[in-house]
Amino acid sequence: MMHRLGRGNFGEVFAVSHVRTGIIYAAKKISLTIDGVEEIKMTLSESMLLKKLNHENVIRCHDAWLEMEYDPTARNVEEDDDQEPLKFYVLMDHCVQSLSDWVQELTTNPDEATSLNIMKQIVSGVEYIHSQGILHLDINVRS
């Protein structure tokens, strides 16, 4: 892993580099409980849906996988919720600038044409997702 890009409700996002190609991706790391079988099934199902999406205005999901992290020095995993041993990773395109960053820039230097273009791209991406039978339940400038 290269460096942490951010932290959200479901985990952390890191900038990572492909060893052979050098391509930079964003890797979302989500902690899951081993007992949460339904949560694991839902997360895997959602990642399979995301991998099928292919649209210029939708962040591409390239891969997703589960890993078990084992720390033999850990005394009791249950004492610290952030230390769940099961990690779910989602590998996505890395965006240099988030919509949140762009909105912040726009407030200091408003540009109506650029704003309209960005809104058209967002609507186009959401329309495509809906056409695939998927609802995005968390549309905001950070996602």
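Residues are listed down the side, and each one gets a yes or a no for (1) modelled with pLDDT of 95 or more; (2) part of a strand (DSSP E or B); (3) exposed (fewer than 11 other Cβ atoms within 10 Å of the Cβ):
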| position | (1), (2), (3) |
| --- | --- |
| 1 | no, no, yes |
| 9 | no, no, yes |
| 13 | no, yes, no |
| 19 | no, no, yes |
| 31 | no, yes, no |
| 38 | no, no, yes |
| 42 | no, no, no |
| 45 | no, no, yes |
Pairing a residue in the stretch 93-104 that is closer than 18 Å to residue 25 by Cβ with any residue that is among the hydroxyl-bearing types (Ser, Thr, Tyr), where Cβ atoms lie under 6 Å and the two sit 6 or more apart in sequence or on different chains, gives 94/25
Counting only residues in the stretch 89-99 that are of a type in the set (A, V, I, L, M) and part of a strand (DSSP E or B), the one surrounded by the most Cβ atoms within 10 Å (Cβ to Cβ) is identified as 90
Restricting attention to the stretch 9-26, the residues that are small (Gly, Ala, Ser) and on the phi < 0 side of the Ramachandran plot number exactly 3
Quick count over the stretch 100-143, residues being modelled with pLDDT under 90, surrounded by 11 or more Cβ atoms within 10 Å (Cβ to Cβ) and among the hydroxyl-bearing types (Ser, Thr, Tyr), is 4
Kindly establish whether residue 51 is in a strand (DSSP E or B) and either out of contact with any strand residue (DSSP E or B) (no Cβ under 6 Å at 6 or more places or on another chain) or at pLDDT 85 or above (or both).
no
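The values are calculated or read from the model by the stated rules, or taken from the named source; none is laboratory data. None of the values given here were measured: they were computed from a predicted structure. Ideal geometry is used to build each Cβ from the backbone, glycine not excepted, and the neighbour counts take in all protein chains shown.
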